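Working notes, beginning with the structure itself.
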Amino acid sequence: MTFNAPALLFVIVGLALIGWLAGRARSALLAARAGVKLHSRPQYHGWYVALWLFAPAALFLALWSSVSPALVTSAVLETPAAQGLPEFGFERGAILSDARSTAAGRQAAVRLPAAAPLVEPYRQAAQRYGAIGIGAMLALALAGGLYGYSRVGPGLRARSRVERIVMAMLLLASLVAILTTFGIVMSLLFESIRFFRLVSPAELLFGTHWNPQSGAPQPGTFGGIPLFWGTVLIGAIIAMIVAIPIGMMTAVYLTQYAAPRVRRWVKPCLEVLAGVPTVVYGYFAALTVAPALREFAAMLGVPNASSESALAAGIVMGVMIIPFISSMADDSINAVPQAMRDGSLALGATPNETIREVLIPAALPGVMGGILLAVSRAIGETMIVVMAAGLSANLTANPFASVTTVTAQIVKLLTGDQEFNSAKTLAAFALGLVLFLVTLLLNIAALRIVKKYREAYE
Amino acid sequence: MTHDELTIANPKMKAEGVDVFYGAKQAINNVSIDVGTDLVTAFIGPSGCGKSTFLRSLNRMNDTLASARVTGKITLEGEDIYAPSMDVVQLRARVGMVFQKPNPFPKSVYDNVAYGPRIHGLAAGKADLDLIVERALVRAGLWDEVKDRLGESGTALSGGQQQRLCIARAIAVNPEVILMDEPCSALDPIATAKIEDLIHELRGKYAIVIVTHNMQQAARVSQRTAFFHLGTLVEYGKTADIFTNPKQDRTKDYITGRYG
Ligand SMILES: Nc1ncnc2c1ncn2[C@@H]1O[C@H](COP(=O)(O)OP(=O)(O)OP(=O)(O)O)[C@@H](O)[C@H]1O
Ligand SMILES: [Mg+2]
């Protein structure tokens, strides 16, 4: 018997339905008797039985689906056929997964010859653990269902119990996203640790030369500074020089000057702009902005103007960020009490003076929070830089030159035919970790600022 | 009401036949009133009768509401304040306003007071500005309490101090008229007493109009009282007369607490 989670889920949903009908029928029978007053309506008794039947079995199903592959694999590894496996993780993993797919019938024959002897052990182990899992799950469902059914009676507060069980299920659902993120971070961390065994963290963080080669790691080729600098130049400097003034001016116009009718149109338009796939911006940067900038640079006589320039990527990224900044600034300016504005106008300040001297300073903390969020988005943005910023790791302040960013390098490191397990591939994870930590810090800082600011006007 | 009772020897501001509309809704109906130069004028009346609306039309703060429209004539020293030639920014510097809830800017005490003089270019230099700020704070009776903390944020002061800061802020631009819309309604009795003392001090230096729901306050601080009801000016006269010998039944009912 193989363990097929979707089919089994179907089975327990069916069982739960039966439980629902049984619970309702039993309480309805009870209710029909003279002198019996049920605490809850029959439906709730039905739900009570159904949930008792479904929840433990479903939890077990989820748990078993995630641990049983590991159990199967470890069982296989103990067979004599597995002794000849290579030590290295990636290759070993590839052979194992090849054998697993063949055993499960997802492919007709093994692709790697080394996997052939493992197919049969895999099949057996999978069957054994599948049978154990199915048996345990059915037993749980049955036990839960019977327990729920036995509790059905006039005194059972099924209504409040159902409420509580539903609450617990909602809580579990909300944990899914958190736990998944946690898992992703952990895997990032583990791969990064493997990388840092080969290359020191200091080299990655402070080295100035980036030129990773396949094969054994060569010292002095994993310096991340050019990448970090490129990321900062594009995402935090050029993009913000474009986005902050335009975004702020947009927000000021929309909150202070625009007629309600204009605001009703312009705001949704900006929001739509924020939803444009970044690859579209990427095209725009690579095909329109970059060539124009290059000609412009050539006209100015700038040396080594490249068709892939930091400026092109930065400007387009700034445009992409504008709606983000303007909507954050819009919110902050709106949060400044009307009384503040009136106070300034009543002193004889013009609307313009009021905006400059009172509204923007008062809204500044909120705007700063928005800017930090925008920066964290910009430095994590990938598509535009891959398409327009180039891949050469130059350490230069010339905005017309080609630079590269952390995200662009991650893409480069992980695409194409790469041998897994080399320092070059692992570097992608380490870069990802750095990026993750920096954006995390930026986000925390931004949220704290925004929260503090909100409190100030409550 | 006879015309005699409405006339004041040298009015600072004069309203004649003023109507105020919010969209199609009329909030003020044909109000004529004189605001005396050396007097404190109190506006009283039940909630929603249009006191704030009328007050705001005296410094054109109603202009900031898209739906509001003012007709009739209001003059300041004989100048029509709704004339196209009137500079509303200048007008508001001459007719200052203090609001119901203290609304200091999130700036230092000093910068709050210096705000008006700075935007109007009233100070010749740093020393001059210091002097203006000090004088305004002294006049507002706040100097002794804040002279050592001028750099602290104005929002960190107590409610009563904040309100006096707002008065100092209005005084600093050297206005001719100060409009106060329920300036004590957010304050405790002690802070209220301080503001009332302050109004006594300021009388004669500025023409003052104060909106209040507190009859005793109106009786204590003002020399003229105007009673508004449903957008109209029901009765206007010497404060003592209004409170001891009202001519209109509606006024009598209101000040004796029959309604409102
Ligand atoms: N911005 C506005 N838009 C539309 N109608 C308004 C607006 N402000 C006030 N009104 C209306 O105008 C009328 C007068 O309001 P106003 O605020 O002047 O009364 P008030 O006498 O100051 O009352 P209170 O003593 O409660 O402050 C009310 O009916 C009110 O609903
Ligand atoms: Mg009012």
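For the stretch B:127-255, what is one quarter of the convex hull surface built on the Cα atoms, given in nm²?
Value for the stretch B:127-255: 8.9 nm².
How many percent of the accessible area of chain A is carbon or sulfur, using a 1.4 Å probe?
Roughly 68 percent, rounded to a whole number.
Given H placed 1.01 Å from N in the peptide plane, which residues other than close sequence neighbours of B:Lys12 have an amide H under 5 Å from its amide H?
HN-HN under 5 Å from B:Lys12: B:Val35, B:Gly36, B:Thr37.
Please give the total accessible area that chains B and A bury against each other, computed with a 1.4 Å probe and expressed in Å² to the nearest 100.
1500 Å²
Other chains near A:333-346: what is the mean number of their Cβ atoms within 10 Å of each residue's Cβ?
5
In sequence order, what are the phi-derived ³J(HN,Hα) couplings for the stretch A:363-371 according to the Karplus relation 6.51 cos²θ - 1.76 cosθ + 1.60 with θ = phi - 60°, rounded to whole Hz, with x for glycine and proline?
Each residue of the stretch A:363-371 in turn: 8, 3, x, x, 5, 4, x, x, 5 Hz.
Translational diffusion coefficient of the stretch A:225-457 at 10 °C, 1.306 mPa s, Stokes-Einstein with Kirkwood Rh over Cα pairs, in µm²/s as a whole number.
Estimated via Stokes-Einstein, D reaches 83 µm²/s.
Would you mind working out the accessible area per residue for the stretch A:5-156, using a 1.4 Å probe, and quoting it in Å²?
Values: 8350 Å² over 152 residues.
That works out to 55 Å² per residue.
Sequence neighbours fewer than 8 away in the same chain don't count; with that in mind, list the lysines whose C-alpha is under 18 Å from B:Lys12.
B:Lys73, B:Lys205, B:Lys238
Ordering B:Met61, A:Met248 by how much accessible area each has at a 1.4 Å probe, largest first, what is the list?
Largest accessible area first, the residues go A:Met248, B:Met61.
Counting pairwise Cα distances across the stretch A:88-199, what percent come out greater than 26 angstrom?
On the way: 3603 of 6216 pairs.
Here the tail beyond 26 Å accounts for 58 percent of pairs.
Can you tell me the convex hull volume per residue for the stretch A:213-353, based on C-alpha atoms, in Å³ to the nearest whole number?
Spread over its residues, the Cα hull of the stretch A:213-353 gives 192 Å³ apiece.
What accessible surface, in Å², does a 1.4 Å probe find on A:Tyr147, ignoring ligands, DNA and RNA and rounding to the nearest 10?
Approximately 90 Å² for this residue.
Percent antiparallel among DSSP beta bridges with both residues in the protein assembly as shown, to the nearest 5?
That works out to approximately 60 percent antiparallel.
With every protein chain left in place, what is the accessible area of A:Ser97 in Å² (1.4 Å probe, nearest 10)?
Per-residue accessible area (A:Ser97): approximately 50 Å².
Please list B:158-169, A:286-297 highest first by mean number of surrounding beta-carbon atoms within 10 Å per residue.
B:158-169, A:286-297
Just to confirm, what accessible area per residue do you get for the stretch A:276-361 at 1.4 Å probe, in whole Å²?
I get 41 Å² per residue for this part.
Going by average Cβ density within 10 Å per residue, which order do the peptides B:50-57, A:216-223, B:118-125, A:57-64 take, highest to lowest?
On the way: B:50-57: 23.1, A:216-223: 15.6, B:118-125: 14.1, A:57-64: 19.0.
Highest-to-lowest ranking by the protection proxy: B:50-57, A:57-64, A:216-223, B:118-125.
Over the stretch A:347-419, calculate the relative contact order: mean separation of alpha carbon pairs under 8 Å at least 6 apart, over the residue count, as a percent.
The value is 22 percent.
Counting only protein chains, not ligands or nucleic acids, how are A:Trp229, A:Trp20 ordered by accessible area (probe 1.4 Å), most first? Numbers along the way, then the final one.
Numbers: A:Trp229 75, A:Trp20 55 Å².
Heavy-atom accessible area, descending, gives A:Trp229, A:Trp20.
For the peptides A:168-174, A:366-372, what is the packing order when you average, over each peptide's residues, the other Cβ atoms within 10 Å and list the highest mean first? Show your work: numbers first, answer last.
On the way: A:168-174: 11.3, A:366-372: 23.9.
In descending order of packing, they fall as A:366-372, A:168-174.
Restricting to DSSP loop positions (anything but H, G, I, E, B) with no more than 14 other Cβ atoms inside 10 Å of their own Cβ, which GluC sites (Glu not before Pro) remain in the stretch A:1-103?
A:Glu78, A:Glu87
How big is the accessible area of B:Asp34 in square angstrom, nearest 10, if you roll a 1.4 angstrom probe over the protein chains?
10 Å²
Once phi is turned into ³J(HN,Hα) by the Karplus curve 6.51 cos²θ - 1.76 cosθ + 1.60 with θ = phi - 60°, what whole-Hz value does each residue of the stretch B:197-213 show in order, with x for glycine and proline?
Karplus-based 3J(HN,Hα) across the stretch B:197-213 equals 4, 4, 4, 4, 4, 7, 4, x, 7, 9, 6, 10, 10, 10, 8, 8, 9 Hz.
Taking amide H positions as placed in the peptide plane 1.01 Å from N, state which residues far from B:Val234 in sequence (5 or more) or on other chains have amide H under 5 Å from it.
B:Phe227, B:Phe228, B:His229
Place a +1 charge on the Cβ of each Lys and Arg in the protein assembly as shown and a -1 charge on the Cβ of each Asp and Glu, then give the dipole magnitude about the Cα centre in debye, rounded to the nearest 20.
Numbers: 62 positive and 51 negative charges, 544 e Å.
For the protein assembly as shown, the charge dipole is close to 2620 debye.
If A:Met167, A:Met317, A:Met383 are ordered by their accessible area, calculated over protein heavy atoms with a 1.4 Å probe, which sequence runs from highest to lowest?
The most accessible residue leads, giving A:Met167, A:Met383, A:Met317.
Once the cut-off is 11 Å, how many percent of the Cα-Cα pairs in the stretch A:298-346 end up in the long-distance tail?
Everything past 11 Å amounts to 77 percent.
For the protein assembly as shown, what is Rg from Cα atoms divided by 2.2 N^0.38 Å, rounded to two decimals?
1.42
Could you please report the charge total around B:Tyr206, scoring K, R as +1 and D, E as -1 over all other residues with beta-carbon less than 10 angstrom from its beta-carbon?
Numbers: positive: B:Lys12, B:Arg139, B:Arg203, B:Lys205; negative: B:Asp38, B:Glu176.
Net charge around B:Tyr206: +2.
Threshold 10 Å², probe 1.4 Å: give the residues of the stretch B:75-102, in number order, that are less accessible with all protein chains present than with their chain alone.
Those residues are B:Val89, B:Arg92, B:Met97, B:Phe99.
Over chain B, give the accessible area per residue in Å² for a 1.4 Å probe, as an integer.
Value for chain B: 42 Å² per residue.
I need the phi-derived Karplus couplings for the stretch B:18-23: 6.51 cos²θ - 1.76 cosθ + 1.60, θ = phi - 60°, integer Hz, Gly and Pro marked x.
Working through the residues one at a time gives 8, 10, 10, 10, 10, x Hz.
Counting pairs of alpha carbon atoms under 8 Å apart in space and at least six apart in sequence, what relative contact order in percent does chain B give?
Working: 490 pairs, mean separation 70.0, N = 260.
Result for chain B is 27 percent.
So, counting K/R as plus one and D/E as minus one, what does the shell of residues with Cβ under 15 Å around A:Ile325 add up to?
Around A:Ile325, the surrounding residues sum to -2.
Taking amide hydrogens as modeled 1.01 Å from N in the peptide plane, which residues meet the under 5 Å criterion relative to A:Trp210, leaving out close sequence neighbours?
Hits under the 5 Å cutoff: A:Gly223.
In bins 5 Å wide, starting from 0, what share of all Cα pairs of the stretch A:109-175 does each bin hold, as a percent?
Result, from short to long distances: 3, 13, 10, 12, 13, 11, 9, 7, 8, 6, 4, 2, 1, 0 percent.
Shielding by partners for A:71-81, please: the mean number of other protein chain Cβ atoms within 10 Å of each residue's Cβ.
Mean shielding by partner chains, rounded to a whole number: 0.
The values are calculated or read from the model by the stated rules, or taken from the named source; none is laboratory data. Because the structure is a prediction, the values reported are computed rather than measured. Glycine also receives a Cβ, built like all others from the backbone with ideal geometry; neighbour counts cover every protein chain displayed. Only protein heavy atoms, including side chains, enter the accessible area calculation; ligands, DNA and RNA are left aside. Shrake-Rupley method; radii C 1.70, N 1.55, O 1.52, S 1.80 Å.
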